[in-house]
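Peer 1: Got a structure for you, questions after.
The values are calculated or read from the model by the stated rules, or taken from the named source; none is laboratory data. These numbers were taken from a predicted model, which means no experiment stands behind them. Positions of Cβ are backbone-derived with ideal geometry, glycine not excepted, and every protein chain shown enters the neighbour counts.
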Amino acid sequence: MVVFMHMEAPMKIRKVIFPVGGLGTRFYPITKVIPKEMLGILDKPLIQYAFEEALGAGIKQFIFVTRHGKTSIEDYCDHVLTHMERFDSSKCSFCYVRQGEPRGLGHAVLCARHLVDNEPFAVISADDYISHSSSCIGEMIKHYHGSNMAAIMNVPKKDVSKYGIMDVEKENDKTIIARSVDEKPSVEKAKSTHAIVGRYILTHEIFDVLKNLKPGVKNEIQLTDALLQMIPTHGLVGFKFEGKRFDCGSQEGLLEAILHVSSNDKKLAGVIKKFYENIPP
Ligand code: G1P
């Protein structure tokens, strides 16, 4: 049975977790020294796009789950993000918590438990860049009513095993109510092509579930497994966001994102056009 805890007005979300402790192996060797969240789409690193998305949604507390070798993210916060126009240091704060070893997205979220406390919170994976007319997480917050929620998009069937895949109980225009969710299923076992992308709004009760969770796929503590376990008590909503998502944890996705952002800039669009005109057949 799916339970919605708050059906009235949208709830305020004040805190966001950025899990930035991943290794970024698909970008070795550069990510041996530079965090993948510091890779750039032109002049801004991925973490800045994620930060601006949260700031644009009215979030005030920014929690980075970081690890060894990632201090340039903290330096970037000090030197750039705190100086942004909309950032009001009397109302906003940055917190950093270390994830000793990369034990999965669920484990990263659990590391921030003491900073979140008893309120719903957002999670943004910076390597999923989402180009949006305003803010993807902001759009989710407007539709949030108390269940666990994850952004979803349709993916080609052959790609389902890269994602958490929701099985649909009920589908509406903007949302689906999930019957179940499965982390990286095989093409044969996937129940749909509704894939989770790196935006979540979660209830604080998820911390107790994560704490007691056994490692799942890749021997990691999977956030998806916690979401599945909570469906009977808290429900799970898949949110169909506006805009376009780029998997910037992969070289192909980062390149596409750079081309996408460049094509919206008159001068750079001209460079792309000229480049293709001059490629020999
Ligand atoms: C994580 C989640 C997965 C989700 C994906 C979206 O996987 O575990 O459910 O679909 O992010 O980017 P990862 O890409 O970290 O392996």
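Peer 1: Tell me which residues, restricted to the range 1-16, are at pLDDT 95 or above and either hydroxyl-bearing (Ser, Thr, Tyr) or farther than 25 Å from VAL261 by Cα (or both). I'd like the intermediate steps shown before the answer.
Peer 2: Of the residues in the range 1-16, the ones at pLDDT 95 or above are 13-16.
Answer for the range 1-16, where residues must be at pLDDT 95 or above and either hydroxyl-bearing (Ser, Thr, Tyr) or farther than 25 Å from VAL261 by Cα (or both): ILE13, ARG14, LYS15.
Peer 1: Answer with yes or no whether THR193 is away from the ligand (no atom under 15 Å from the Cβ), polar (S, T, N, Q) and in contact with a helix residue (DSSP H, G or I) (Cβ under 7 Å, 6 or more places away or on another chain).
Peer 2: Here the answer is no, as THR193 does not meet what is asked.
Peer 1: So is GLN222 in contact with a Lys or Arg (Cβ under 9 Å, 6 or more places away or on another chain) and loosely packed, with under 13 Cβ neighbours inside 10 Å or not?
Peer 2: Values: in contact with a Lys or Arg (Cβ under 9 Å, 6 or more places away or on another chain): yes; loosely packed, with under 13 Cβ neighbours inside 10 Å: no.
Here the answer is no, as GLN222 does not meet what is asked.
Peer 1: Every residue in the range 246-266 that is surrounded by fewer than 16 Cβ atoms within 10 Å (Cβ to Cβ) and among the hydroxyl-bearing types (Ser, Thr, Tyr), please.
Peer 2: Going through the range 246-266, the residues surrounded by fewer than 16 Cβ atoms within 10 Å (Cβ to Cβ) turn out to be 250-252, 255, 259-260, 263-266.
Within the range 246-266, SER250, SER263 meet the criteria.
Peer 1: Okay, next question. Taking helices (runs of 4 or more DSSP H) that fall entirely within the range 36-154, which contain at least 1 residues that are surrounded by fewer than 16 Cβ atoms within 10 Å (Cβ to Cβ) and in contact with a Gly (Cβ under 6 Å, 6 or more places away or on another chain)? Step through it out loud before you land on a result.
Peer 2: Details: elements: 46-56, 71-79, 105-111, 113-116, 136-142.
Filter on the range 36-154 gives 46-56.
Peer 1: Just for the range 169-190: of the residues that are within 14 Å of the ligand (Cβ to nearest atom) and not in a strand (DSSP E or B), which one is nearest to ASN118 (Cα to Cα)? Break it down into steps so the answer makes sense when it comes.
Peer 2: First pass over the range 169-190, keeping only residues within 14 Å of the ligand (Cβ to nearest atom): 178, 180-185, 190.
Filter again for not in a strand (DSSP E or B), leaving 184-185, 190.
Working: LYS184: 30, PRO185: 32, ALA190: 34 Å.
So the residue we want is LYS184.
Peer 1: A further question on this structure: In the range 227-240, how many are surrounded by fewer than 21 Cβ atoms within 10 Å (Cβ to Cβ) and within 15 Å of the chain's Cα centre (by Cα)?
Peer 2: Final tally of qualifying residues: 1.
Peer 1: Tell me yes or no: at least one residue of the range 211-226 is over 16 Å from ALA150 (Cβ atoms), polar (S, T, N, Q), more than 14 Å from the ligand (Cβ to nearest atom) and in contact with a Ser or Thr (Cβ under 8 Å, 6 or more places away or on another chain).
Peer 2: For the range 211-226, residues over 16 Å from ALA150 (Cβ atoms), polar (S, T, N, Q), more than 14 Å from the ligand (Cβ to nearest atom) and in contact with a Ser or Thr (Cβ under 8 Å, 6 or more places away or on another chain): absent.
Peer 1: Would you mind stating whether ILE165 is assigned to a strand (DSSP E or B), touching a Pro at 6+ places or on another chain (Cβ under 6 Å), near the ligand (Cβ under 9 Å from one of its atoms) and at pLDDT 95 or above?
Peer 2: Numbers: assigned to a strand (DSSP E or B): yes; touching a Pro at 6+ places or on another chain (Cβ under 6 Å): yes; near the ligand (Cβ under 9 Å from one of its atoms): yes; at pLDDT 95 or above: yes.
Answer is yes for this residue.
Peer 1: Checking the condition modelled with pLDDT of 95 or more, over 30 Å from ARG113 (Cβ atoms) and touching a strand residue (DSSP E or B) at 6+ places or on another chain (Cβ under 7 Å), which residue from ALA269, ALA257 passes?
Peer 2: On the way: ALA269 fails: touching a strand residue (DSSP E or B) at 6+ places or on another chain (Cβ under 7 Å).
Just one listed residue meets the conditions, ALA257.
Peer 1: In addition: Report the residue count in the range 170-217 for those that are touching a residue at least 60 places away in the same chain (Cβ under 8 Å), under 19 Å from GLN229 (Cα atoms) and surrounded by fewer than 15 Cβ atoms within 10 Å (Cβ to Cβ).
Peer 2: The total comes to 3.
Peer 1: Moving on to the next point. One residue is enough: does the range 249-268 have a residue meeting the conditions polar (S, T, N, Q), part of a loop (DSSP other than H, G, I, E, B) and out of contact with any helix residue (DSSP H, G or I) (no Cβ under 9 Å at 6 or more places or on another chain)? First the steps, then the outcome.
Peer 2: First, the residues of the range 249-268 that are polar (S, T, N, Q): 250-251, 262-264.
This time we only want the ones that are part of a loop (DSSP other than H, G, I, E, B), so: 250, 264.
Next, only the ones that are out of contact with any helix residue (DSSP H, G or I) (no Cβ under 9 Å at 6 or more places or on another chain) stay: 264.
Yes: one or more hits.
Peer 1: I would also like to ask the following. Please specify each residue of the range 84-132 satisfying the condition of being away from the ligand (no atom under 16 Å from the Cβ), aliphatic (A, V, I, L, M) and in contact (Cβ under 8 Å) with a residue 40 or more places away in the chain.
Peer 2: Passing the criteria: ALA112, LEU115, VAL116.
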